[in-house]
Amino acid sequence: MSFYALSTFSLIAQKQFTSSKIISKLDSSIISHAHIINLNSKTGVTSNENGMFSISTKPEDTLFISFIGFESLKVQASEIENNIYLNRAIHTIETYTVLPYKDFNEFKEAFTNLEIKDTIKDIVNPSIILSVAELKSYIPRGMRKSGAYRDSQKEAYLEMLRKDKLRTQRFNPQVIKRLTQINSENKIIYGVL
């Protein structure tokens, strides 16, 4: 029985706990939830809300301390002080400009030659599409006579034609003017550059 107690005492005597506080070197702010790993025993802990941690170590153990946004640190357990300061990690990357086209002229050409699928043709049966002249021939007689009824019906009819024209246009001329620096609407509508 005394041999068991003596061997347990010698094991306890070999183990020690290393405690410290993790702080940012830049502004001395506390770093909570940092990872502290004993590389020899493969055990780890995290620092608490106050930046404090305590981990079982031997004097020859190495601790690996890391936290996102800070440089990682390896420290010998025997060299740990009351405060451990971590430096902010600075990552530099080269700047890149991503362009799908070689230059603006190539973009302008691709944009003006862009084919937009006409969804109206897919929905509407082409045999029932009429020209504006054909539509005007179908104006009801009541709309041809003068009076308030005729004017309101005519306005509704003209509004319907305007909306239909907007739906069948392939592009928005104002958007194309801004993107391509083409000034004439005729050039935009008829594709003449």
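Kindly indicate whether Ser41 is small (Gly, Ala, Ser) and not in a strand (DSSP E or B). Please lay out each step first, then the result.
Values: small (Gly, Ala, Ser): yes; not in a strand (DSSP E or B): yes.
Yes.
Scanning the range 78-108 for residues that are surrounded by 12 or more Cβ atoms within 10 Å (Cβ to Cβ) and among the hydroxyl-bearing types (Ser, Thr, Tyr), we see that the one that is farthest from Lys58 (Cα to Cα) is Tyr101. Inside the range 29-77, residues that are among the basic types (Lys, Arg) and more than 19 Å from Ala89 (Cα to Cα) make up a count of 2. Step by step: first the residues of the range 32-57, then only those that are under 18 Å from Glu81 (Cβ atoms) and of a type outside the set (S, T, N, Q), then the one that is surrounded by the fewest Cβ atoms within 10 Å (Cβ to Cβ). Which residue is that? That would be Met52. Of the residues that sit in the range 20-31 and are surrounded by 12 or more Cβ atoms within 10 Å (Cβ to Cβ) and among the hydroxyl-bearing types (Ser, Thr, Tyr), which one is farthest from Asn83 (Cα to Cα)? Across the range 20-31, the extreme among qualifying residues is Ser24.
If you go through the range 78-86 one residue at a time, do you hit one that is over 14 Å from Gln16 (Cα atoms), within 34 Å of the chain's Cα centre (by Cα) and modelled with pLDDT of 90 or more? The answer is yes, given that some residue of the range 78-86 is over 14 Å from Gln16 (Cα atoms), within 34 Å of the chain's Cα centre (by Cα) and modelled with pLDDT of 90 or more.
The values are calculated or read from the model by the stated rules, or taken from the named source; none is laboratory data. Just so it is clear, the model here is predicted, and its values are computed rather than measured. Because the Cβ atoms are built from the backbone with ideal geometry, glycine has one as well, and the counts that use them run over all protein chains shown.
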